[in-house]
Amino acid sequence: TMIVGWDKRGPGLYYVDSDGTRLSNNMFSVGSGSTYAYGVLDSGYKWDMSVEEAYELGKRAIYHATHRDAYSGGVVNLYHMKETGWIKVSQTDVMQLHYKYKEEKK
């Protein structure tokens with residue numbers, strides 16, 4: 001499970017496993033498709049990404065997880081945690097992303 005929040009130290013992202021171990025880092029991927037998502041995240045993550053670049057990287061990573069993993073869902077729900085709370089950025093059917101990314105390869 002991933003937990004995200006904001007406190008006096010700023011934003012925080014945590015991974016909590018089934019034994020209760022908590023890890024803090026800049027990015028995580030969880031679930032059965034996470035190995036596919038990590039491939040995208042590892043190749044595209046930069047410390048100084050713009051918000052829009054981060055949104056696109058998140059969508060792309062989730063798309064690849066859902067495309068290659070039969071147990072992953074078919075929709076990318078994208079949220080952004082801000083100091084004032086979270087906002088829902090988008091909800092995109094992975095089929096739309098599939099054709100978008102296929103077109104980029106041409």
Looking only at the stretch 3-21, and only at residues there that are exposed (fewer than 10 other Cβ atoms within 10 Å of the Cβ) and of a type outside the set (S, T, N, Q), the one that is nearest to G58 (Cα to Cα): G10
Every pair of residues 6+ apart whose Cβ atoms lie under 6 Å, when the first sits in the stretch 77-96 and is under 13 Å from V51 (Cα atoms) while the second is open to solvent by 100 Å² or more (accessible area, probe 1.4 Å) and part of a strand (DSSP E or B): Y79/W86
Criterion (open to solvent by less than 50 Å² (accessible area, probe 1.4 Å), out of contact with any Cys (no Cβ under 7 Å at 6 or more places or on another chain), among the charged types (D, E, K, R) and modelled with pLDDT of 90 or more) met by exactly one of K46, K59: K59
Number of the exception - Y36 against (1) open to solvent by 90 Å² or more (accessible area, probe 1.4 Å); (2) in a loop (DSSP other than H, G, I, E, B); (3) touching a residue at least 12 places away in the same chain (Cβ under 8 Å): (2)
Every pair of residues 6+ apart whose Cβ atoms lie under 6 Å, when the first sits in the stretch 11-30 and is under 21 Å from G44 (Cβ atoms) while the second is modelled with pLDDT under 95 and in a loop (DSSP other than H, G, I, E, B): Y15/F28
Identity of the residue in the stretch 63-98, of a type in the set (D, E) and outside any strand (DSSP E or B), that ends up nearest to G10 (Cα to Cα): E83
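The values are calculated or read from the model by the stated rules, or taken from the named source; none is laboratory data. Nothing here was measured: the structure is a model prediction, and the numbers come from that model. Quick reminder, even Gly has a Cβ in these numbers, built from the backbone with ideal geometry, and neighbours come from all protein chains shown. Accessible surface is based on the protein model in full, side chains and every heavy atom, while ligands, DNA and RNA are left aside. Shrake-Rupley method; radii C 1.70, N 1.55, O 1.52, S 1.80 Å.
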